[in-house]
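The values are calculated or read from the model by the stated rules, or taken from the named source; none is laboratory data. Worth saying up front: this structure is predicted, and the values here are computed from it rather than measured. Here the Cβ positions follow ideal geometry from the backbone for every residue, glycine too, while neighbour counts run over all protein chains shown. Just the protein is used for accessible areas: all its heavy atoms, side chains included, with ligands, DNA and RNA removed. Shrake-Rupley method; radii C 1.70, N 1.55, O 1.52, S 1.80 Å.
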Amino acid sequence: MASQKQQKILVIRNDKLGDFMLVWPALALLRRNLSKAHIAVLVPAYTAPLAEACACIDEVIVDPKQAGEFRSGLALAKLLKPHGFDAVLTLFSRFDTGLAVWLAGIPLRYAPATKLAQLFYNRRILQRRSRSEKPEYEYNLDLARLFLAEQGVSKPKPVAPPYLAFKPADAKKLKQKFQKQHKIPAARKLVFVHAGHGGSASNLSLGHYASLLHRLAAADKRLHFVLSAGPGEEQQARRLASLLLKEPHTVYISEGGLEAFARHLQFADMFISGSTGPLHLAAALDVPTAAFYPRRRSSTALRWQTVNSPARRLAFMPPETADESDMASIDVAKAAKAIGARLLKKG
């Protein structure tokens, strides 16, 4: 392996937003313990702007995804080979990426020892992610720790949130501009509520979200709800707004891309949603979160635990007596009480 100064490391997580945000603790661990290394990431085009904002990343490579795994692998290999990477950490193994890093001739190729694609890697770690025995980000950290150990870093310096941050002065100005634009009194607590989701996990109904916000507003008159929405979610946010009574609220449609959305989330006093990408984006900023999960093993609160500080995260699931995907069985009154108590802690 090259000396640390010359190391060129590629980290691959080229799928959804939430999955990518759960890689950030591993990226932070690599950066802190290999400060002179060149760290690149391979991501899809839509998460590239966020990757550009990550202080741990030196280079962002957009996946030239093609139709068909073999064609996609060949195109990616052609893109990667000139970079001369010394090592690659593939945190989610697919056939096309495995083929690509092998054809690109990257000497050290790390990946979970799962699926057929593991044959393309010469450094593997046995992981049974489908068992959901620990958080997804911990599985990612395990691969990073294996790599560090083989570089002689047996006791890596730990990392802690936030994993994404913008200048406080910029956040303050943006908050003031947002409050002025939407006529929100400066003393209000801004509670972002994201009712949309990518469909990978169950979520509360809009009626249950409305009930939750009604209870929160009744308990604390300082709250202002920001009903956020991304592309294709505007109708859902507006439908939720129509269900609110006198609860102060604003519909915020994110039209400036993921980085602009993240900059708005940074000044949130709390972020409430189902298990979805924006939840994990808020958590990377170490914003307090309250999330609703199904109890299904592949989608539990443990498996998709957020990366914010433990004291800043709340999670709610259906009770053991209900069906694992019965989100209507979640006690909204109990959740409102827990969320309200957490908001009150912030003064």
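Key figures
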{"read-out": "Model label zone, Asn122; criterion: amide N under 17 Å from point 7 Å along Cα-to-beta-carbon; scope the stretch 84-108", "value": "84-90, 98-108"}
{"read-out": "Protein accessible area in the stretch 2-145, 1.4 Å probe - carbon and sulfur %", "value": "55 percent"}
{"read-out": "For the stretch 224-240, 3J(HN,Hα) per residue [Karplus equation, 6.51 cos²θ - 1.76 cosθ + 1.60, θ = phi - 60°, Hz, x = Gly/Pro]", "value": "10, 8, 9, 8, 8, 8, x, x, x, 10, 4, 4, 5, 5, 6, 5, 5"}
{"read-out": "Cα gyration tensor shape of the stretch 1-114, rounded if a/c is under 1.5, else prolate or oblate by comparing a/b with b/c", "value": "oblate"}
{"read-out": "Förster-model FRET efficiency, 30 Å R0, Lys81 and Thr114, C-beta, rounded to 0.05", "value": "0.70"}
{"read-out": "Separation between Cα centres of the stretch 225-258 and the stretch 77-138, rounded to whole Å", "value": "38 Å"}
{"read-out": "The stretch 263-347 - percent of accessible surface contributed by carbon and sulfur, probe 1.4 Å", "value": "52 percent"}
{"read-out": "Dipole-positive endmost among Ser329, Ala260, Ser205 within the chain (Cβ charges, Cα centre)", "value": "Ala260"}
{"read-out": "Rg over Rh [alpha-carbon atoms, Kirkwood Rh] for the chain", "value": "0.99"}
{"read-out": "Accessible area of the chain divided out per residue, in Å², using a probe of 1.4 angstrom", "value": "45 Å²"}
{"read-out": "Sequence ranges 167-173, 184-190, ranked by mean other-Cβ count within 10 angstrom, highest first", "value": "184-190, 167-173"}
{"read-out": "Among Ile12, Leu141, Phe92 - extreme Cα towards positive end, dipole of the chain, charges at beta-carbon", "value": "Leu141"}
{"read-out": "Helix-only mean residue ellipticity at 222 nm for the chain, each DSSP H run of n ≥ 4 adding -39500 (n - 2.57), per residue, nearest 500", "value": "-10500 deg cm²/dmol"}
{"read-out": "Gyration tensor verdict on the stretch 193-347 (Cα atoms; rounded if a/c is under 1.5, prolate if a/b is larger than b/c, oblate otherwise)", "value": "rounded"}
{"read-out": "Computed FRET value (nearest 0.05) for Ala67 with Ala169, which takes r as the C-beta separation and R₀ as 41 Å", "value": "0.35"}
{"read-out": "Nearest-20 debye value, the chain charge dipole, Cβ charges on Lys, Arg, Asp, Glu", "value": "920 debye"}
{"read-out": "Taking only Cα atoms of the stretch 258-347, radius of gyration then Dmax in Å", "value": "13.2, 41"}
{"read-out": "Rounded to whole Hz, the Karplus (6.51, -1.76, 1.60) HN-Hα couplings of the stretch 315-330, x for glycine and proline", "value": "9, 10, 9, x, x, 4, 7, 9, 4, 4, 10, 7, 5, 5, 7, 5"}
{"read-out": "Two-site label geometry, Arg296 and Ser329: point separation in nm, points 7 Å out along Cα→Cβ", "value": "1.5 nm"}
{"read-out": "Heavy-atom accessible area order for Tyr293, Tyr137, largest first, 1.4 Å probe", "value": "Tyr137, Tyr293"}
{"read-out": "Order by protection proxy (mean Cβ within 10 Å, highest first), peptides 149-162, 266-279, 209-222, 85-98", "value": "266-279, 85-98, 209-222, 149-162"}
{"read-out": "The stretch 95-245: C-alpha gyration tensor shape, a/c 1.5 cut-off, then a/b vs b/c", "value": "prolate"}
{"read-out": "Highest-first arrangement of 327-334, 41-48, where packing means the average Cβ count within 10 Å", "value": "41-48, 327-334"}
